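What follows draws every value from the coordinates through simple rules; no lab data is involved. Owing to the predicted nature of the structure, the values given are computational and were not obtained by experimental measurement. Counting neighbours? That spans all protein chains shown, and the Cβs are built from the backbone with ideal geometry, glycine included.
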Amino acid sequence: MSSFKALLFDLDNTLLDFLSFKIETAKAAAKEMVRNGLPCTELAAYGKIFSVYEEKGIEYQKTFHDVIVPFGLDANASERIQQAAILAYLKKKFEILRPYTSVRSTLIRLHTRYSLGIVTDAPRNKAWQRLILSGLEREFDFVITHDDTLNKKPHPSPFTLALSKLECLPSSVLFVGDNLERDILGAKNSGMVTCWAKYGSNRKAKHDSISPDFEIEKFEDLLKIVQF
Ligand SMILES: [Mg+2]
């Protein structure tokens, strides 16, 4: 058994395959937008959705609106296309938002020995929607979202808030996340031990200046790290 007292997790692309979710929902929305009269190809609509995500952030709430406006359509045509996109997005979301393989069973085992928490930059409402849809809403002692500190990782405040809830030394906490700059650097700066969820990262190699203490290729490899 390890000396860890608690494990903290990033949510998107660490517990949930968020990138696939965003790709599949964008495809579904693009298809319905074109079918409802957006004058471009599905591929172009898909590209425009991701351009908005890149410009305004992946959590931006008016993406489809921003895609439609430049076409200069009348109000009813625009609304029809926007609502079709929103409904297609939601339908796909309910259908496909799931954790990575073995996440739930691994968390259940870990929870018998360790405190478990989430530190996510997602808004509170979206974080809970994603946890409930993926069946993970009961597996954590606490969930810290962007609404709790109004700062995003690697800012120290979400990490400090998590430590205050755990009441244990940072060195006895393992932080697991896919993003080297936000999760790993932020947790390291707060004195935690870090584990890079390599499977959720689009990077193939480690960052020269950010070296996690551990890295995992699949979620259940965590059990080896904590010597379960
Ligand atoms: Mg992430």
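Values computed for the structure shown
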{"quantity": "Candidates Phe21, Phe214, Phe71, ranked by Gaussian network fluctuation over the chain, Cα under 10 Å, top entry", "calculated": "Phe71"}
{"quantity": "Under Karplus coefficients 6.51, -1.76 and 1.60, residue-wise ³J(HN,Hα) of the stretch 174-184 in Hz, glycine/proline x", "calculated": "9, 9, 10, x, 8, 9, 5, 5, 8, 6, 6"}
{"quantity": "Förster-model FRET efficiency, 45 Å R0, Ser211 and Asp74, C-beta, rounded to 0.05", "calculated": "0.20"}
{"quantity": "Estimated vicinal HN-Hα couplings, Hz - the stretch 158-169 in sequence order (Karplus 6.51, -1.76, 1.60; Gly, Pro = x)", "calculated": "x, 5, 5, 4, 4, 5, 5, 6, 7, 6, 9, 5"}
{"quantity": "Asp17, Asp66 arranged by Cβ crowding within 10 Å, fewest neighbours leading", "calculated": "Asp66, Asp17"}
{"quantity": "Around Pro123: net Lys/Arg minus Asp/Glu count, Cβ-Cβ under 13 Å", "calculated": "-1"}
{"quantity": "Segment Arg109-Glu167, length gained on full extension (0.36 nm per residue, minus Cα span)", "calculated": "18.7 nm"}
{"quantity": "In Hz, Karplus ³J(HN,Hα) per residue of the stretch 215-225 (6.51, -1.76, 1.60; θ = phi - 60°; x = Gly, Pro)", "calculated": "9, 10, 8, 8, 4, 5, 4, 4, 4, 5, 5"}
{"quantity": "Centre separation in Å (Cα based) which lies between the stretch 170-228 and the stretch 1-40", "calculated": "20"}
{"quantity": "Candidates Asp141, Asp12, Asp74: whichever shows maximal mean-square fluctuation once the chain is modelled as a Gaussian network with Cα springs under 10 Å", "calculated": "Asp74"}
{"quantity": "Distant-in-sequence amide H partners of Thr194 (H built 1.01 Å from N, under 5 Å)", "calculated": "Phe175, Asp213, Phe214"}
{"quantity": "Under-5 Å amide H pairs with Cys40, H placed in peptide plane, nonlocal only", "calculated": "none"}
{"quantity": "Estimated FRET transfer efficiency when R0 is 25 angstrom, pair Ile86-Leu150 (beta carbons, to 0.05)", "calculated": "0.40"}
{"quantity": "Most mobile listed residue (Phe94, Phe175, Phe159) in the chain, GNM with C-alpha springs under 10 Å", "calculated": "Phe94"}
